[in-house]
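Every number here is computed from the coordinates shown, using simple stated rules; none is lab data. Every value quoted in this text rests on a predicted model; they were computed, and no experiment measured them. Cβ sites come from the backbone with ideal geometry, for glycine too, and all protein chains shown count toward neighbours.
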Amino acid sequence: MLNKPLYRILSGVIPLIVFTAILCGEVTGHADTGPKPPCGNPTFPLYPDVSSAQLATKCMVNAPLVRKDLSYVGKFGVRGVGYYVKDLLYDIKQILGLSKEWRMAVIGIGNLGSSLLSYKDFLKQDYQIVAAFDIDPPKVIGRVSGELGKPVEVLHIDRIKEVAKERKIEIGIITTPPSEAQHVADMLVEAGVRGILNFAPRRLQSLKDMW
């Protein structure tokens, strides 16, 4: 079980707000003449440093809590100066695993599974779907290929273990009927997949060594 400060950081309570505040230039600091932030508001410059008090204001917590929480996962900031925005963003991205590409598989190619296969914004966030599985591939391939306007490979779920190893799958997205969700989760665990996103309306039993 993660301690509460680390849980707050890794679960996104602090960094997601901080990311938004920093990237959108909504925190006040020492102005920079560098490139404008990518969040759609060119009015605000991207500041090189920011204080814990400014971050706390955006996070709606107190400054000591920001400093304490960040200290649990690394040494950040300079006393009397604050945090260098570029370095802070880099470090938090490293902590949250946002600096690498995550390889995913979708299991269960019904309406939701098909929608996920066509969701292009995954790539913008460094998530790539590298495999799709279903209990009856011939039944769904034609429909999904038609929806996406291109041929789509859908594999039988019996090949999860084999393909997960070949394609280095790290996250499995379960979009099966609820009756099949636990079986699929067990197959993913056996295949060495350590991350599971379960969209089936069923609570999965405790899984060992999962994120």
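Setting aside same-chain residues fewer than 8 positions from Lys68, which aspartates and glutamates have a Cα under 20 Å from its Cα? Correct list for Lys68: Asp49, Asp87, Asp91. In order along the range 195-205, the phi-based Karplus estimate (6.51 cos²θ - 1.76 cosθ + 1.60, θ = phi - 60°) of 3J(HN,Hα) comes to x, 10, 10, 9, 9, 6, x, 8, 6, 7, 5 Hz; Gly and Pro are listed as x.
Summarising the amide proton neighbourhood of Phe133: residues at separation of 5 or more, or on other chains, whose placed amide H is nearer than 5 Å comprise Val106, Ile107, Gly108, Leu155.
Among 137-144, 85-92, 101-108, how do they line up from the highest to the lowest mean number of other beta-carbon atoms within 10 Å?
101-108, 85-92, 137-144
Tell me, what is the FRET efficiency for Ala53 and Lys120 to the nearest 0.05, using R0 = 35 angstrom and their Cβ-Cβ distance as r? The value I calculate is 0.35.
For Asn198, the residues 5 or more places off, or on other chains, whose built amide H falls under 5 Å of its own are Ile174. Residue ranges 161-173, 145-157 sort as 161-173, 145-157 when ordered by packing (mean number of other C-beta atoms within 10 Å per residue, highest first). What the phi angles of the range 148-165 give under the Karplus curve with 6.51, -1.76 and 1.60, with θ = phi - 60°, is a coupling list of 8, x, 7, x, 10, 8, 10, 9, 6, 5, 5, 9, 4, 4, 5, 6, 4, 6 Hz, glycine and proline written as x. Electrostatic bookkeeping for Ala131 treats Lys and Arg as +1 and Asp and Glu as -1; over the other residues with beta carbon under 10 Å from its beta carbon, the sum is +1.
Near Ser51, the amide H atoms lying under 5 Å from its own belong to Tyr83; only residues 5 or more places off or on other chains count, and H is placed 1.01 Å from N.
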